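Take a look at the structure below.
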Amino acid sequence: MLKRITLLFVVLLLTACLSPVNTAQKNNYVLNTMPPFSHAAKVKTQVLLVSMPRLDAIMDNNKMIYLNGQHQIGYFSVHRWAAKPNDMLFSLLLNTLQQQSKFHAVISAPYNGQSDLQLNTVNFSIVQDFTVRPSLARVKMNVSLSSPKKPYLVKTRIIQASVATRVDTPEAGVVAANLAVAQCLAQIVAFVNE
């Protein structure tokens, strides 16, 4: 009987040692840096409708991407965005435009009223580029203004910024990405205020 209890104890102990345990803690990061405040004179009646930014196809998740070769991307294994980057950008974009644009009102869908212009953001991407030293946080997107009253785009622009990291780590990449996003937001404000 004692042999059976000992054998059972050994089997349980070995089973516990061999069971898969996820020891890697996930680190979640946010985009939360707005550009420095600049004031624009408001146009009395104009309304800007801001659509949800659309991610580049390779970024349609909350994984943090890095570039480690000419045509090679990778995803950090334990470092992630707390939400999809376009969701975080959308909040920053709305707040920035509400504070700094010339528009009387900056709104988002669902909105039943009429808007004068609509801002669309597509191909939004954030990549930490390790092909250069120090590594760079690269943020890029295409923005366009359209009017519900006209059947064509009013104007378009490629918005982009690159910020060097202090050290080549994912955490430093997040700091640099936040600074690059703030630079892009300032470019978007200038774009809509032209």
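Every number in this text was worked out from the coordinates using simple rules, so none of it is lab data. All figures in this text were calculated on a predicted structure; none of them were measured in a lab. Every residue, glycine among them, receives a Cβ derived from its backbone with ideal geometry; neighbour counts consider all protein chains shown.
Descriptive notes on the structure:
- The stretch 78-113 versus the stretch 147-183: alpha-carbon centroid distance in Å: 14
- Structure-based [θ]222 nm, the chain - -39500 (n - 2.57) summed over DSSP H runs of at least 4, per residue, nearest 500: -10000 deg cm²/dmol
- Rg/Rh (Cα only; Kirkwood hydrodynamic radius) as it applies to the stretch 50-106: 1.12
- Calculated P(r) of the stretch 58-193 - Cα pairs past 21 Å, %: 45
- Angle of helix 2-18 to the longest C-alpha principal axis of the chain, folded into 0 to 90 degrees and rounded to 10: 30°.
- Label point at Ala41 placed 7 Å out along Cα→Cβ; residues across the stretch 158-194 whose backbone nitrogen lies under 15 Å: 193-194
- Nearest-ten-degree value, helix 85-100 long axis tilted from longest Cα axis of the chain: 30
- Cα pair count fraction exceeding 15 Å, expressed as % - the stretch 113-158: 57
- Summing Lys and Arg as +1 and Asp and Glu as -1 over all other residues whose Cβ lies under 12 Å from the Cβ of Ala176 gives a net charge of -1.
- Between 0 and 90°, nearest 10: helix 170-193 axis offset from the chain longest Cα axis: 20
- With N the number of residues in the stretch 18-133, Rg(Cα) / (2.2 N^0.38 Å) evaluates to 1.38.
- Peptide ranges 177-187, 72-82, 91-101 listed from the most packed, as the mean C-beta count within 10 angstrom indicates: 177-187, 91-101, 72-82
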